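Single-structure report; data block below.
Quick note: the coordinates plus some simple rules give every number you see, no bench work behind them. Small disclaimer: the values here were computed from a predicted structure and weren't measured. For neighbour counting, all protein chains shown are included, and Cβ atoms are generated from backbone atoms with ideal geometry for every residue, glycine included.
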Amino acid sequence: MPIELQSIIKTYRMGSENFNALDGITATIKDGEFIAIMGPSGSGKSTLANIIGGLDTPSSGKIFVNKEDISRAWDRALSHYRNKKVGFVFQTFNLQPHYTALENVMLPLIFSKVRLRARKKKAVACLEAVGLGDRMKHKPGELSGGQRQRVSIARSLANNPEIIIADEPTGNLDSKRSTEIIALLKKLREEKNITLIIITHDMNIAHQADRVIYIQDGKIKKAR
Ligand SMILES: Nc1ncnc2c1ncn2[C@@H]1O[C@H](COP(=O)(O)OP(=O)(O)OP(=O)(O)O)[C@@H](O)[C@H]1O
Ligand SMILES: [Mg+2]
C-alpha cells in the first residue's frame, strides 16, 4: 500500500506555548518499500511512525494510504486500518508478561473476531515463521531479548499486515541479535511484500534500507 504524507504537522500545547513535534512532513512511501527513519532523539520519529500507523492523528495535513485519506477517517475506519493493515514492533517489545508466547500472538486476533481454533493455528504459524516453534509455551520472562522481539514480530504478523512499523526494534539488543532481527524483518518483507518502516539510530540498518529519511526538529532534513 503506497503511503503519501502531505504537510503533516503535529502540535503539542506545553503550558502557554505551542510546540510542533512534526513541522510539515511531506513524503511518499512506495508499496513494498523498506524505509529507515533516522534523526536525533526528540526529532519526531516516533510521532511520525505513530501517525503513519494510525495510532495518533496529525494536527493538520493529510495521509493517504492506498489513496484513502486516513487523517480524516472515522474512528472505526482508523481502528480497522490500525488493526488489520499495520503491524507494530517496539523497542521494549510490549508483550503481556503473564501470557505465553502463543497467547501473546493470539491476542490481536481476538480483536478481529477470529475463532479460537483458527486463532491458535494462525499464531502457531506466525511463531514458526520467526523460528520460535519450540518456545510457544514460554512466557516473556522465560525468553531471551532476541526471542522476545521475535514474539513481538510474530504478533505483528498475526493479522497479515501490509505495513510493518518498527520503532527502534533492536534498541535493546546486542549486535548479533540485532542483525538477526533485521534479517528476519527483511525476509518477511520479501516473502509477504510488506512495506517496512524501521526507525533506527544504527547506520548498518539504515544502509540496508531502500531509502533513508532523516528527521530533525520535526522536518525532513534530507532523504536518500
Ligand atoms: N504527548 C506529548 N506531549 C508533549 N510533547 C510531546 C508528546 N509526545 C512527544 N512530545 C515531544 O515531541 C518531540 C518528538 O518526540 P518523539 O517521541 O517523536 O521523538 P523521537 O524522534 O522518537 O525521539 P527518540 O529517538 O528519543 O525516541 C519531543 O520533543 C517530545 O518531547
Ligand atoms: Mg522515538
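Worth a mention:
- For the stretch 64-151, the calculated P(r) over all alpha carbon pairs, in 5 Å bins from 0 to the bin holding the longest distance, is 3, 13, 21, 21, 16, 11, 9, 5, 1 percent.
- Short-range pairs are left out: with C-alpha atoms under 8 Å and at least six residues apart, the relative contact order of the stretch 96-191 is 32 percent.
- The value for the stretch 4-117 of Rg(Cα) / (2.2 N^0.38 Å) is 1.23.
- Percentage relative contact order, the stretch 28-160, counting C-alpha pairs under 8 Å, at least six apart: 25 percent
- Solvent-free Debye scattering, log10 I(q)/I(0), computed from the Cα coordinates of the stretch 166-224 at q = 0.18, 0.22 Å⁻¹: -0.66, -0.93
- Residue order, fewest to most surrounding Cβ atoms within 10 angstrom, among Ile182, Ile110: Ile110, Ile182
- Of all the options Asn20, Asn160, Asn204, the one that moves most in a Gaussian network model of the chain with Cα springs shorter than 10 angstrom is Asn204.
- Exposure proxy order (Cβ contacts within 10 Å, fewest to most) of Met136, Met38: Met136, Met38
- In this rough spin-label picture, where each label sits 7 Å from Cα along the Cβ direction, the Asn172-Asp217 distance is 3.3 nm.
- Length-normalised contact order of the stretch 101-144 in % [C-alpha pairs under 8 Å, at least 6 apart]: 50 percent
- When Tyr12, Tyr99, Tyr214 are sorted by how many other C-beta atoms sit within 10 angstrom of their C-beta, beginning with the fewest, the order is Tyr12, Tyr99, Tyr214.
- The chain: C-alpha gyration tensor shape, a/c 1.5 cut-off, then a/b vs b/c: prolate
- Orientation-averaged projected area, Cα convex hull of the stretch 33-83 (nm²): 4.2 nm²
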